[in-house]
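Peer 1: Got a structure for you, questions after.
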Amino acid sequence: MTIQNSLFLVFVLIIGAFYSSTTSAQLSLAASPPSSTSPVSTPTAPPAAAPGLNTVPLVPASPSGAPTPAIPKAPTIDIVQILRKAKRFSVLIRLLKTTQLINQLNSQLTTSGSSGGLTVFAPEDSAFSKLKPGFLNSLGDRQKVELLQFHTISSFVSISNFDTLTNPVQTQAGDDPKRLQLNVTTDGGSRVSMTTGAVNATVTGTVYTNNKLAIYQVDKVLLPLDFVLPKAAPAPSPAVAAKADSPKSDNTKSSSANENEDSDDNANKANTVEASAGSVNVHAAMIPLVIVSMAFLGGAMI
């Protein structure tokens with residue numbers, strides 16, 4: 001073999017070895033994971049929401065055309081459910097339901113907004129038992145509604161703010177001071193007393209309170225003044241008064257007529273007596289004439 005052939009053979013071997021090493025390096029780079037010097041971020045799954053957690057963002061992005069996330073409704077307050085849980089206001093619950101006033105009160109709590117509210121004085125069952133037997137049954141539907149409204153103030157009053165009220169306190173029953181007066185007094189914030197002119201009551205505890213509704217337990221039913229006072233008879237109308245006077249004048253006329261008739265009868269009786277007396281006198285005067293005539297006739301016959 002010549003030197004030229006030997007050099008050519010060596011050159012071919014070198015070229016083959018270089019080509020083989022380059023191909024292996026490329027294959028190893030393709031199969032190997034990326035280097036730590038150039039990290040690649042991989043997406044991770046969001047964590048599962050906790051049960052009952054509100055997933056609505058505090059400040060949701062609402063681009064134009066995107067639906068607005070729904071705002072959860074505030075829980076409604078039912079006064080009857082609160083009283084029922086207290087387990088001592090069955091009579092009050094029955095009155096609220098039969099008069100349907102509970103619907104108005106619950107609706108007022110929903111629509112009053114942040115500035116409104118209610119304060120309810122709730123007599124317990126033992127307070128109603130102190131009333132006269134049959135008292136509630138003697139009230140009409142309008143009076144029952146007025147009685148319940150007399151226990152309700154159209155604003156939220158905390159237990160520490162009763163001393164800020166102005167007497168008489170205006171209730172939902174109205175502001176007539178002669179019959180619907182409710183005066184509230186406090187004793188250093190530890191005792192709240194009320195008087196209506198007919199009943200003296202005391203707040204004995206708190207049934208429920210939040211920033212809109214306050215229900216306080218009272219030991220007596222708050223009766224308006226005219227519920228216990230005897231009702232005065234209404235004055236008769238002019239037409240009725242005229243009608244009442246009409247028979248009286250007729251009776252007066254009849255009495256006068258009767259008196260005239262009695263006078264006429266007495267006069268007639270007097271005339272009759274006088275005529276009878278005159279007749280007796282005539283007869284007495286004729287007696288002597290009769291005797292003389294009989295004597296004369298007797299002498300003529302002899």
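Bear in mind these aren't lab numbers, they're just calculated from the coordinates by the rules spelled out. Predicted model only: the values in this text are computed from it and were never measured. We place every Cβ from the backbone using ideal geometry, glycine too, and count neighbours over all the protein chains shown.
Peer 1: What is the spin-label model distance, in nm, from ILE14 to THR111 if the labels are put 7 Å beyond Cα along the C-beta direction?
Peer 2: 10.2 nm
Peer 1: At 7 Å along Cα-to-Cβ for each site, give me the label-to-label distance between ASN103 and LYS87 in nm.
Peer 2: So the label points at ASN103 and LYS87 sit 3.1 nm apart.
Peer 1: Sort all Cα-Cα distances of the range 79-227 into consecutive 5 angstrom bins from zero, then give the percent of pairs in each bin up to the one containing the longest distance.
Peer 2: Final binned percentages: 2, 9, 20, 25, 23, 15, 5, 1, 0.
Peer 1: My understanding is that a pair violates if its Cα-Cα distance is over 24 Å; which of LYS132/LYS212; LYS85/LYS220; LYS87/LYS144; LYS87/LYS130; LYS85/LYS132 do that in this structure? Mind showing how you got there, number by number?
Peer 2: Working: LYS132/LYS212 34 Å; LYS85/LYS220 20 Å; LYS87/LYS144 22 Å; LYS87/LYS130 19 Å; LYS85/LYS132 27 Å.
With Cα atoms farther than 24 Å apart: LYS132/LYS212; LYS85/LYS132.
Peer 1: What does the charge add up to near ARG191, with Lys and Arg as +1, Asp and Glu as -1, over the other residues with Cβ less than 14 Å from its Cβ? Before the final figure, lay out each step's value.
Peer 2: Details: positive: none; negative: ASP163, ASP187, ASP219.
Net charge in that neighbourhood comes out at -3.
Peer 1: Let me ask something else. Estimate the FRET efficiency between VAL80 and ASN161 by the formula 1/(1 + (r/R0)^6), using the beta-carbon distance for r and 25 Å for R0, to the nearest 0.05.
Peer 2: 0.45
Peer 1: Just for the Cα atoms in the range 147-206, what are the lengths along the principal axes, largest first, rounded to whole Å?
Peer 2: Taking max minus min along each principal axis of the Cα atoms, the range 147-206 gives 29, 23, 19 Å.
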